[in-house]
Amino acid sequence: MSIKSIAAKIFAKKIHKKTLKWASKPVETQQKVFEELIHLAKNTQFGKDHKFDEIKSFQDFAKQVPVRDYEELKPYVDKVVKGEADVLWKGKPLYFAKTSGTTSGAKYIPLTKESMPFHIQAARNAILSYIHETGNAQFVDGKMIFLQGSPILEEKNGIKLGRLSGIVAHFVPSYLQKNRMPSWETNCIEDWETKVDAIVEETINENMSVISGIPSWVQMYFEKLQEKAKKPVGELFKNFNLFIYGGVNFEPYRAKFENLIGRKVDSIELFPASEGFFAYQDSQKEKGMLLLLNAGIFYEFVKSEEFFTDNPKRYTIGEVELNVNYVLIISTNAGLWAYNIGDTIQFTSLQPYRVIVSGRIKH
């Protein structure tokens, strides 16, 4: 066993202890996040408009801050995009994650110096959680690929913007840089088909151990690899044993992936979005992903069947039940307040709180 994999196991144990600490006190953890968010944003324009200085409890917050989607929050976001400070969160954001909205064209989701570290930590902790549970750390010696958007960023009124996966590429920790693929130059290729061809050329003779990305992107990569190598991906990469994915339901892809790989590999599911990193799979044995209650996000939940009624009840973490469809509502340290991200979730466990993504409220 290499020094690197021994160090990974020690670090994994340390992070596991930290995770247990907050996960075993869910209500207390969320209350602390709530109080900190209100305190830090009380002097912003949004905080003043919604009398944050008078908010003493969640009940006060629910009365003063209605649930909104992007369209309803857009007047505030537009001011941030124009370069105004202290609008939704103190100061200005570090970045905007640009996403394609279904109704409003491009959406600009702020990422702040307070919110950005949690995107990085959550992805790291998902891998460490897997190492702690399985004892498998050998993959840290191999090459890892993260299929992602271009890290080339534009600028709007002094604030950089790009796809979330491209922004995150700027924050890969130094201890992973040596193992990480593809090269920066290849990552910057805009055309996806050209990019995948270049990634195939770069990786086909490497010792790939971890492959990560949206399943549709990874499927295309695997198909091109198989076409070029004339053998299954699992035969080509003998030490490939971990697939990390997020963004969509993997089940429709599972059979195809097993066929392309030629064997089963362990997988870790993530629940990231431009608005925040909400959950990751913390166990290979249990169903669902661990909801991240200490990551600068305060969660509310509205039952799906009540969502379109007048004044539906907003539940906090201590009030949720198993197997009920909830609309996920978030308030974050990037300045989103009682924000409906559009996803519905169900709890598969309440000790700790684990969720699955069950759909979209529009559907």
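Summary of values
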{"quantity": "Residues of the chain: accessible area per residue with a 1.4 Å probe, Å²", "calculated": "47 Å²"}
{"quantity": "26 Å Cα-Cα threshold exceeded, pairs from Lys63/Lys98; Lys56/Lys79; Lys82/Lys113; Lys18/Lys63; Lys4/Lys98; Lys32/Lys79", "calculated": "Lys63/Lys98; Lys56/Lys79; Lys18/Lys63; Lys4/Lys98; Lys32/Lys79"}
{"quantity": "Gain in span if fully extended, Ala229 to Lys32, counting 0.36 nm per residue against the direct Cα distance", "calculated": "65.6 nm"}
{"quantity": "Candidate aspartates and glutamates for bridging to Lys9, where Cα separation is under 16 Å - those fewer than 8 sequence places away on the same chain excluded", "calculated": "Glu133, Asp141, Asp282"}
{"quantity": "Rel. contact order, % - alpha carbon contacts under 8 angstrom, at least six apart, the stretch 294-363", "calculated": "27 percent"}
{"quantity": "Sequence ranges 50-57, 350-357, ranked by mean other-Cβ count within 10 angstrom, highest first", "calculated": "350-357, 50-57"}
{"quantity": "The stretch 215-264 versus the stretch 22-83: alpha-carbon centroid distance in Å", "calculated": "42 Å"}
{"quantity": "Max mean-square fluctuation residue, GNM over the chain, Cα-Cα springs under 10 Å, options Pro75, Pro182, Pro272", "calculated": "Pro75"}
{"quantity": "Percent RCO, i.e. relative contact order, over the chain, from Cα pairs under 8 Å lying at least 6 residues apart", "calculated": "18 percent"}
{"quantity": "Backbone N under 13 Å from the Ile214 label point (7 Å along Cα→Cβ), restricted to the stretch 236-252", "calculated": "246-249"}
{"quantity": "Percentage relative contact order, the stretch 285-326, counting C-alpha pairs under 8 Å, at least six apart", "calculated": "37 percent"}
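The values are calculated or read from the model by the stated rules, or taken from the named source; none is laboratory data. Because the structure is a prediction, the values reported are computed rather than measured. Cβ atoms come from the backbone with ideal geometry, glycine included; neighbour counts cover every protein chain shown. With ligands, DNA and RNA removed, areas are computed over all heavy atoms of the protein, side chains included. Shrake-Rupley method; radii C 1.70, N 1.55, O 1.52, S 1.80 Å.
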